[in-house]
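First the structure, in the form of C-alpha coordinates, and then the observations on it.
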Amino acid sequence: MDTFIHHARGHSARIAELQEERESYGRLAAGQSPLALFITCSDSRVIPSQITGARPGELFELRTAGNAVPRYSDGGPAGAEAATIEYAMRVLNVADIVVCGHSHCGAVGARARGDDLTGVPDVQDWLDRQLSEELPDDEEPAVRSAVRRHVYEQLGRLREYPSVRERLESGEVALHGWFYEVHTGQVTVHDPATDSFRPL
Ligand SMILES: [Zn+2]
(Lines give C-alpha, C1' and ligand atoms only; values in the text may rest on other atoms or scores of the structure.)
Protein backbone atom coordinates (compact mmCIF):
# COMPACT_ATOMS: atom_id res chain seq x y z
CA MET A 1 0.00 0.00 0.00
CA ASP A 2 2.89 2.36 0.70
CA THR A 3 3.82 2.30 -2.99
CA PHE A 4 0.31 3.38 -3.95
CA ILE A 5 0.29 6.19 -1.40
CA HIS A 6 3.66 7.39 -2.63
CA HIS A 7 2.42 7.35 -6.22
CA ALA A 8 -0.81 9.20 -5.33
CA ARG A 9 1.24 11.89 -3.63
CA GLY A 10 3.41 12.25 -6.72
CA HIS A 11 0.33 12.31 -8.98
CA SER A 12 -1.18 15.18 -6.98
CA ALA A 13 2.08 17.13 -7.01
CA ARG A 14 2.66 16.61 -10.75
CA ILE A 15 -0.77 17.96 -11.70
CA ALA A 16 -0.43 20.90 -9.34
CA GLU A 17 2.92 21.83 -10.90
CA LEU A 18 2.13 21.59 -14.60
CA GLN A 19 -0.26 24.18 -15.97
CA GLU A 20 -1.25 22.03 -18.96
CA GLU A 21 -2.19 19.16 -16.65
CA ARG A 22 -4.02 21.50 -14.28
CA GLU A 23 -6.12 22.80 -17.16
CA SER A 24 -6.77 19.33 -18.53
CA TYR A 25 -7.94 18.04 -15.15
CA GLY A 26 -9.82 21.26 -14.44
CA ARG A 27 -12.03 20.70 -17.49
CA LEU A 28 -13.24 17.43 -15.93
CA ALA A 29 -15.19 19.48 -13.38
CA ALA A 30 -17.66 20.40 -16.15
CA GLY A 31 -18.79 16.77 -16.48
CA GLN A 32 -18.02 13.61 -18.37
CA SER A 33 -18.78 12.49 -21.90
CA PRO A 34 -17.05 9.11 -22.15
CA LEU A 35 -16.62 7.47 -25.54
CA ALA A 36 -17.40 3.92 -24.44
CA LEU A 37 -18.81 1.73 -21.70
CA PHE A 38 -16.11 -0.82 -20.94
CA ILE A 39 -17.36 -3.94 -19.16
CA THR A 40 -14.67 -6.21 -17.86
CA CYS A 41 -13.67 -8.48 -15.00
CA SER A 42 -12.53 -7.23 -11.59
CA ASP A 43 -9.25 -9.06 -12.19
CA SER A 44 -6.25 -6.90 -11.26
CA ARG A 45 -4.36 -7.94 -14.38
CA VAL A 46 -6.85 -6.18 -16.64
CA ILE A 47 -6.33 -2.40 -16.78
CA PRO A 48 -8.81 -0.87 -19.25
CA SER A 49 -7.02 2.48 -19.55
CA GLN A 50 -3.73 0.71 -20.18
CA ILE A 51 -5.25 -1.45 -22.92
CA THR A 52 -7.15 1.39 -24.62
CA GLY A 53 -4.99 4.40 -23.79
CA ALA A 54 -8.08 6.15 -22.40
CA ARG A 55 -7.55 9.39 -20.49
CA PRO A 56 -9.71 10.49 -17.55
CA GLY A 57 -13.26 11.09 -18.78
CA GLU A 58 -13.03 8.81 -21.81
CA LEU A 59 -14.06 5.40 -20.46
CA PHE A 60 -17.08 4.54 -18.33
CA GLU A 61 -16.33 1.26 -16.58
CA LEU A 62 -18.36 -1.60 -15.21
CA ARG A 63 -16.36 -4.31 -13.50
CA THR A 64 -17.84 -7.52 -12.17
CA ALA A 65 -16.47 -10.94 -11.27
CA GLY A 66 -16.10 -12.67 -14.62
CA ASN A 67 -17.34 -9.58 -16.55
CA ALA A 68 -20.83 -10.99 -16.20
CA VAL A 69 -23.80 -8.90 -17.32
CA PRO A 70 -26.86 -9.98 -15.31
CA ARG A 71 -29.93 -10.87 -17.34
CA TYR A 72 -32.27 -7.91 -17.55
CA SER A 73 -35.10 -8.35 -15.07
CA ASP A 74 -38.15 -6.25 -15.80
CA GLY A 75 -39.77 -5.14 -12.57
CA GLY A 76 -37.21 -6.75 -10.29
CA PRO A 77 -34.90 -4.74 -8.04
CA ALA A 78 -32.28 -3.04 -10.18
CA GLY A 79 -28.71 -3.97 -9.42
CA ALA A 80 -25.60 -1.83 -9.74
CA GLU A 81 -24.90 -3.34 -13.15
CA ALA A 82 -28.30 -2.40 -14.59
CA ALA A 83 -28.03 1.12 -13.19
CA THR A 84 -24.56 1.57 -14.70
CA ILE A 85 -25.70 0.33 -18.12
CA GLU A 86 -28.83 2.50 -18.13
CA TYR A 87 -26.87 5.60 -17.09
CA ALA A 88 -24.31 4.99 -19.83
CA MET A 89 -27.06 4.65 -22.43
CA ARG A 90 -29.62 7.28 -21.47
CA VAL A 91 -27.57 9.96 -19.75
CA LEU A 92 -24.04 9.69 -21.09
CA ASN A 93 -25.13 8.46 -24.54
CA VAL A 94 -21.96 6.44 -25.06
CA ALA A 95 -21.54 5.28 -28.64
CA ASP A 96 -19.88 1.91 -27.97
CA ILE A 97 -20.03 -0.88 -25.42
CA VAL A 98 -17.09 -3.24 -25.07
CA VAL A 99 -17.37 -6.50 -23.15
CA CYS A 100 -13.79 -7.56 -22.50
CA GLY A 101 -13.11 -11.04 -21.18
CA HIS A 102 -9.63 -12.18 -20.35
CA SER A 103 -7.43 -15.24 -20.31
CA HIS A 104 -6.82 -17.11 -17.04
CA CYS A 105 -10.11 -15.74 -15.66
CA GLY A 106 -10.70 -17.23 -12.20
CA ALA A 107 -14.47 -16.81 -12.39
CA VAL A 108 -15.02 -18.29 -15.82
CA GLY A 109 -12.37 -20.96 -15.15
CA ALA A 110 -14.04 -22.05 -11.92
CA ARG A 111 -17.36 -22.38 -13.72
CA ALA A 112 -15.89 -24.17 -16.73
CA ARG A 113 -13.98 -26.65 -14.56
CA GLY A 114 -16.76 -27.09 -12.01
CA ASP A 115 -14.50 -26.07 -9.08
CA ASP A 116 -15.67 -26.55 -5.50
CA LEU A 117 -16.55 -23.07 -4.24
CA THR A 118 -18.22 -23.94 -0.93
CA GLY A 119 -15.61 -21.83 0.93
CA VAL A 120 -16.67 -18.71 -0.98
CA PRO A 121 -20.48 -18.96 -1.03
CA ASP A 122 -21.06 -15.44 -2.36
CA VAL A 123 -18.76 -16.15 -5.28
CA GLN A 124 -20.53 -19.42 -5.90
CA ASP A 125 -23.94 -17.73 -5.80
CA TRP A 126 -22.83 -15.02 -8.24
CA LEU A 127 -21.34 -17.52 -10.68
CA ASP A 128 -24.34 -19.83 -10.40
CA ARG A 129 -26.68 -16.98 -11.24
CA GLN A 130 -24.62 -15.17 -13.85
CA LEU A 131 -22.49 -17.65 -15.73
CA SER A 132 -24.02 -20.05 -18.17
CA GLU A 133 -23.97 -23.77 -17.42
CA GLU A 134 -23.23 -24.33 -21.06
CA LEU A 135 -19.69 -22.97 -21.12
CA PRO A 136 -17.27 -25.30 -22.90
CA ASP A 137 -15.59 -27.80 -20.58
CA ASP A 138 -12.26 -25.95 -20.76
CA GLU A 139 -9.28 -27.44 -18.94
CA GLU A 140 -6.75 -25.15 -20.62
CA PRO A 141 -5.21 -22.72 -18.02
CA ALA A 142 -6.10 -19.73 -20.20
CA VAL A 143 -9.73 -20.97 -20.49
CA ARG A 144 -9.73 -19.28 -23.88
CA SER A 145 -12.70 -21.05 -25.42
CA ALA A 146 -14.87 -20.72 -22.30
CA VAL A 147 -14.15 -16.98 -21.89
CA ARG A 148 -14.79 -16.25 -25.55
CA ARG A 149 -18.10 -18.11 -25.42
CA HIS A 150 -18.96 -16.22 -22.23
CA VAL A 151 -18.16 -12.82 -23.81
CA TYR A 152 -20.43 -13.64 -26.72
CA GLU A 153 -23.25 -14.51 -24.31
CA GLN A 154 -22.85 -11.24 -22.43
CA LEU A 155 -23.33 -9.32 -25.69
CA GLY A 156 -26.63 -11.17 -26.07
CA ARG A 157 -27.67 -10.22 -22.53
CA LEU A 158 -26.88 -6.57 -23.19
CA ARG A 159 -29.28 -6.58 -26.14
CA GLU A 160 -32.10 -7.44 -23.71
CA TYR A 161 -31.72 -4.18 -21.79
CA PRO A 162 -34.34 -1.70 -23.04
CA SER A 163 -31.86 1.19 -22.88
CA VAL A 164 -29.40 -0.75 -25.05
CA ARG A 165 -32.01 -2.16 -27.41
CA GLU A 166 -33.52 1.23 -28.22
CA ARG A 167 -30.11 2.66 -29.08
CA LEU A 168 -29.15 -0.38 -31.14
CA GLU A 169 -32.35 0.01 -33.15
CA SER A 170 -31.57 3.66 -33.84
CA GLY A 171 -27.95 2.86 -34.69
CA GLU A 172 -26.63 5.01 -31.85
CA VAL A 173 -24.59 2.33 -30.13
CA ALA A 174 -22.42 -0.56 -31.25
CA LEU A 175 -21.47 -3.67 -29.25
CA HIS A 176 -17.99 -5.16 -29.24
CA GLY A 177 -16.68 -8.40 -27.74
CA TRP A 178 -13.00 -8.43 -26.83
CA PHE A 179 -10.70 -11.09 -25.43
CA TYR A 180 -7.55 -9.91 -23.65
CA GLU A 181 -4.59 -12.18 -22.95
CA VAL A 182 -3.10 -11.19 -19.61
CA HIS A 183 0.17 -13.00 -20.30
CA THR A 184 0.84 -11.48 -23.75
CA GLY A 185 -1.17 -8.24 -23.81
CA GLN A 186 -2.82 -9.33 -27.07
CA VAL A 187 -6.41 -8.31 -27.81
CA THR A 188 -8.70 -10.18 -30.16
CA VAL A 189 -12.20 -9.09 -31.14
CA HIS A 190 -15.38 -11.01 -31.88
CA ASP A 191 -16.29 -10.94 -35.56
CA PRO A 192 -20.07 -11.41 -35.89
CA ALA A 193 -19.72 -12.37 -39.56
CA THR A 194 -17.73 -15.50 -38.74
CA ASP A 195 -18.63 -15.86 -35.02
CA SER A 196 -14.92 -16.10 -34.26
CA PHE A 197 -12.28 -13.93 -32.62
CA ARG A 198 -9.66 -12.20 -34.76
CA PRO A 199 -6.81 -9.75 -34.06
CA LEU A 200 -7.84 -6.11 -33.79
ZN1 LIG B 1 -11.71 -12.65 -14.64
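Remarks
- Sorted largest first, the principal axis extents computed over the alpha-carbon atoms of the chain equal 54, 45, 37 Å.
- Projecting label points 7 angstrom from Cα along Cα→Cβ for E61 and H7 puts them 1.1 nm apart.
- In Hz, Karplus ³J(HN,Hα) per residue of segment 40-55 (6.51, -1.76, 1.60; θ = phi - 60°; x = Gly, Pro): 8, 6, 6, 3, 5, 7, 9, 10, x, 5, 6, 5, 9, x, 5, 8
- Summed over the residues of segment 32-199 and divided among them, the accessible surface reaches 49 Å² per residue at a probe radius of 1.4 Å.
- Over segment 1-69, the reciprocal of the mean inverse Cα-Cα separation, the Kirkwood hydrodynamic radius, stands at 14.0 Å.
- Separation of alpha-carbon centers, segment 42-66 and segment 125-150, rounded to whole Å: 21
- Across segment 105-200, Cα pairs under 8 Å and at least six residues apart give a relative contact order of 19 percent.
- Segment 32-199 - percent relative contact order, Cα under 8 Å, separation 6 or more: 25
- Solvent-accessible surface of protein heavy atoms, probed at 1.4 angstrom with all chains present, puts S170, S103 in the order S170, S103, largest first.
- E139 exposes around 130 Å² of accessible area when a 1.4 Å probe is run over every protein chain in place.
- Taking all protein chains as they are arranged and a probe of 1.4 Å, the heavy atoms of Y25 leave approximately 70 Å² accessible to solvent.
- Dipole of segment 136-200 computed with +1 at Lys/Arg Cβ and -1 at Asp/Glu Cβ about the Cα centre; of A174, V189, V151, farthest Cα towards the positive end is A174.
The values are calculated or read from the model by the stated rules, or taken from the named source; none is laboratory data. This structure is a prediction, so every number in the text was calculated from the model and none was measured. Cβ sites come from the backbone with ideal geometry, for glycine too, and all protein chains shown count toward neighbours. When the accessible area is computed, the model is the full protein with side chains, heavy atoms only, and any ligands, DNA or RNA have been set aside. Shrake-Rupley method; radii C 1.70, N 1.55, O 1.52, S 1.80 Å.
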